[in-house]
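Here the structure comes first, spelled out in structure tokens, and everything after it is commentary.
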Amino acid sequence: MSIDTETARRVAKLARIKVEDADLPALAQDFNRILGFVEQLNEVDVEGVEPMTSVTPMRLKRRVDEVTDGGQQDKVLSNAPDAREGFFAVPKVVE
Amino acid sequence: MTKLNVLTIAQAREKLRAGEITSVELTEACLKAADDAKTLNAVVHATPEIALEQAKAADARLAAGDAPDLCGIPLGIKDLFCTKGVASQAASGILEGFKPEYESTVTSQLFDAGAVMIGKLNMDEFAMGSSNETSVYGNVINPWRRDNDETALTPGGSSGGSASAVAADLCLAATGTDTGGSIRQPAAFVGITGLKPTYGRVSRWGIVAFASSLDQAGPMTKSVRDCAIMLGAMAGHDPKDSTSADLAVPDFEAMLTGDIKGQTIGIPKEYRMDGMPEEIEALWAEGRAMLEDAGATIVDISLPHTKYALPAYYVVAPAEASSNLARYDGVRYGHRAKLSHGDGITEMYEKTRAEGFGDEVKRRIMIGTYVLSAGFYDAYYNRARRVRALIKKDFEDAFEAGVDAILTPATPSAAFELGQEFDDPVQMYLNDVFTVTVNLAGLPGIAVPAGLDKQGLPLGLQLIGKPWEEGALMNVAQAIEDRAGFVSKPSKWW
């Protein structure tokens with residue numbers, strides 16, 4: 001299966017990465033090379049094989065549901081490109 | 001007197017405890033070496049003040065007789081590890097200016113053990129790369145050169161800065177991370193030892209995530225013994241990483257007897273690749289002979305799904321990366337693009353990510369987005385996860401049949417030239433052909449230097465072990481180290 005420019009545009013949009021129109025054909029070509037390489041997986045008989053979910057069989061640890069951390073608003077915001085009055089600031093989301 | 005920065009951890013530990021040297025002297029030697037080696041571009045955020053402060057504290061502990069193995073030992077830390085108050089950028093423009101308010105579990109364990117940080121080390125952006133050419137800080141140079149040839153070579157990737165720094169004696173050892181071979185391939189390219197532990201042995205908390213089911217941090221050192229010492233300090237259960245195993249950490253160093261009599265070592269026939277250089281083949285045969293000499297039984301084995309490991313990896317890893325890297329949105333940390341009038345939040349995301357990420361990272365995020373998108377999830381992602389289960393089963397079958405460890409080459413070539421233009425991204429991916437299976441199966445793997453090629457460049461062998469048996473694995477590696485007698489160092493030109 002082949003990725004065309006339109007599909008490349010759609011994937012870039014889904015990934016929220018701006019790609020200039022002029023760069024889409026090269027991107028589509030990269031996708032095709034990588035996915036072409038991956039196509040080999042179709043040779044493998046995977047009938048009845050469960051997709052691997054955890055690397056080592058282990059039961060996730062449980063703990064009491066309680067607050068163990070918090071009260072660090074300043075630290076949380078310290079690396080924000082734009083923080084105001086204790087909040088992250090972003091462009092207007094709702095008209 | 002030999003320069004202190006060339007010591008191994010084990011040698012320095014002895015001298016520090018005997019009071020022959022101080023950590024401050026040792027640290028100053030490393031800082032000077034790092035300062036003189038700017039050409040290599042291995043250290044990207046030097047932290048001399050922190051280092052000297054830690055060294056003084058270590059000297060006080062040594063004087064008080066409270067000195068864990070790593071007390072006073074200068075280390076380099078890969079830029080992927082969050083270090084409190086110190087730039088931690090994963091070599092990406094999108095994390096420009098990011099200074100974590102917290103310390104990764106690995107670095108805090110190392111510091112608790114008295115280790116000294118000389119600085120943060122270069123790497124491929126978000127650990128995506130095999131030549132350290134995707135870094136926002138620029139390429140790292142391998143301290144090794146071919147005989148009579150000044151061509152700049154890659155130290156490998158993604159832990160290229162760690163590899164270069166250890167090989168050039170800028171620190172006694174370094175942390176690395178390995179998602180598809182990022183500790184073992186660079187270790188092999190610079191003639192040092194690098195271990196990827198069993199998935200879950202070392203906490204991932206505070207390490208910038210690439211592919212969470214594959215990522216594992218490990219030591220990059222000048223000897224197998226140093227690997228054992230350093231892993232002991234890095235490993236252990238961490239409640240903050242739900243995939244970290246609640247298992248006791250054994251005394252790895254005590255397991256290095258070098259005695260492997262009666263063990264069975266498997267040689268997988270699928271690792272004999274078409275077009276593999278003769279020198280790699282010869283090195284592999286030498287490794288086999290060394291282990292036979294050590295009293296091991298060598299058996300030929302088959303890992304039938306090996307061929308499909310790289311394609312499975314290039315679905316699973318980008319899929320996980322596309323999810324993990326969604327957090328870089330220009331809101332909470334790092335870079336935010338300048339917006340034009342009328343730009344809304346979507347434009348902010350799209351421009352920020354276009355500016356902040358490099359080409360390889362963008363490519364992988366988008367491949368991951370594609371293979372996870374509606375209509376393709378089953379065909380790509382689920383199929384890759386099924387193949388991954390088969391790859392893991394190949395190893396389980398081999399271990400079940402009595403194999404204790406598996407011997408393979410570490411890389412399909414020696415270090416190659418920087419700046420090669422590949423028009424096909426897949427060509428670069430082939431570097432990880434021998435290492436990537438180990439990540440998919442969650443196993444421990446170690447690269448040990450075993451010889452030089454005809455151009456004078458180091459070559460490594462890889463050993464793969466059973467889950468949680470890093471100690472036994474390092475013991476086999478010790479048997480190779482003892483017999484290979486690899487003592488070559490790059491001659492200093494920088």
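Observations on the structure shown:
- Exercise: per-residue mean of other protein chain Cβ atoms within 10 Å, B:236-245: 2
- Most to least accessible of B:S373, B:S302 (protein chains only, probe 1.4 Å): B:S302, B:S373
- Between the listed residues B:V140, B:Q263, B:A312, the Cα displaced farthest toward the positive end of the dipole of chain B, a dipole computed from Cβ unit charges relative to the Cα centre, is found at B:A312.
- Accessible area of region B:414-492 belonging to carbon and sulfur atoms, whole % at 1.4 Å probe: 48 percent
- Solvent-accessible area lost in complex, 30 Å² minimum, residues of region B:183-220 relative to chain alone, 1.4 Å: B:Y199
- For the residue pairs B:K196/B:K393; B:K84/B:K393; B:K84/B:K492, the C-alpha atoms sit more than 31 angstrom apart in B:K84/B:K393; B:K84/B:K492.
- Carbon/sulfur fraction of accessible area - chain A, other protein chains in place, 1.4 Å, %: 49 percent
- Between the listed residues B:A228, B:G65, B:F376, the Cα displaced farthest toward the positive end of the dipole of chain B, a dipole computed from Cβ unit charges relative to the Cα centre, is found at B:F376.
- Other protein chain Cβ atoms within 10 Å, averaged over every residue that makes up B:360-371: 5
- Cα shape, region B:399-458, gyration tensor, a/c 1.5 rule: oblate
- Packing-based order for B:429-438, B:266-275, using average beta carbon neighbours within 10 Å, highest first: B:429-438, B:266-275
- Partner lysines for A:K92 [C-alpha distance under 18 Å; skip if fewer than 8 residues away on the same chain]: B:K338, B:K351
- Close amide-amide hydrogen proximity is noted between B:T264 and B:T297, B:D404, B:A405, each under 5 Å apart and 5 or more residues distant or on a separate chain (H modeled in the peptide plane; Pro and chain starts excluded).
- Selection among B:G442, B:A414, B:Q455 by position relative to the dipole of region B:398-494 gives B:Q455 as farthest towards the positive end (Cβ unit charges, Cα centre).
- Probe 1.4 Å, all protein chains present, accessible-area order of B:T369, B:T257, B:T408, largest first: B:T257, B:T369, B:T408
- Ranking by accessible area, most exposed first, for B:S242, B:S104 with a 1.4 Å probe: B:S242, B:S104
- Cβ charges +1 (Lys, Arg) and -1 (Asp, Glu), total dipole of the protein assembly as shown, debye: 900 debye
- Under 5 Å, built H, 5+ apart or other chain: amide partners of B:G176: B:G218, B:M220
- For the protein assembly as shown, accessible area per residue (1.4 Å probe, heavy atoms of protein chains only), Å²: 39 Å²
- Normalised contact order of chain A, rounded percent, pairs of Cα under 8 Å and 6 or more residues apart: 17 percent
- B:E101 contributes about 60 Å² of solvent-accessible surface, heavy atoms of the protein only, 1.4 Å probe.
- Surface composition of region B:55-127: carbon and sulfur atoms hold 51% of the protein heavy-atom accessible area at a 1.4 Å probe.
- FRET E, pair B:V426, B:A63, Förster distance 51 Å, beta-carbon r, rounded to 0.05: 0.35
- Put simply, chains A and B cover up around 5200 Å² of each other's accessible surface, both sides summed, when a 1.4 Å probe is used.
- Solvent accessible area, Å² - B:H335, 1.4 Å probe, full protein context: 50 Å²
- Net charge dipole size for region A:1-67 [Lys, Arg +1 and Asp, Glu -1 on Cβ; Debye, nearest 20]: 540 debye
- In Hz, Karplus ³J(HN,Hα) per residue of region B:470-479 (6.51, -1.76, 1.60; θ = phi - 60°; x = Gly, Pro): 4, x, 5, 5, 5, 5, 5, 4, 4, 4
- Contact order, relative form, for chain B: 18 percent (alpha carbon pairs under 8 Å, 6 or more residues apart, mean separation divided by residue count).
- Per-residue SASA remark: B:S323, around 80 Å² accessible (1.4 Å probe; ligands, DNA and RNA not included).
- Amide H contacts of B:G451 (H built 1.01 Å from N, under 5 Å, at least 5 apart or other chain): B:L459
- Packing-based order for B:60-68, B:42-50, using average beta carbon neighbours within 10 Å, highest first: B:42-50, B:60-68
- For the segment A:80-88, counting C-beta atoms of other chains within 10 Å of every residue's C-beta and taking the mean gives 3.
- Pairs over the 24 Å Cα-Cα cut-off, from the set B:K392/B:K454; B:K78/B:K454; B:K78/B:K222: B:K392/B:K454; B:K78/B:K454.
- Take each peptide in B:10-19, A:8-17, count the other Cβ atoms within 10 Å of every residue, and average; sorted highest first, the result is A:8-17, B:10-19.
The values are calculated or read from the model by the stated rules, or taken from the named source; none is laboratory data. Keep in mind that this is a model prediction, so the values were computed, not measured. Cβ atoms come from the backbone with ideal geometry, glycine included; neighbour counts cover every protein chain shown. Surface accessibility is based on the protein's heavy atoms, side chains included, excluding ligands, DNA and RNA. Shrake-Rupley method; radii C 1.70, N 1.55, O 1.52, S 1.80 Å.
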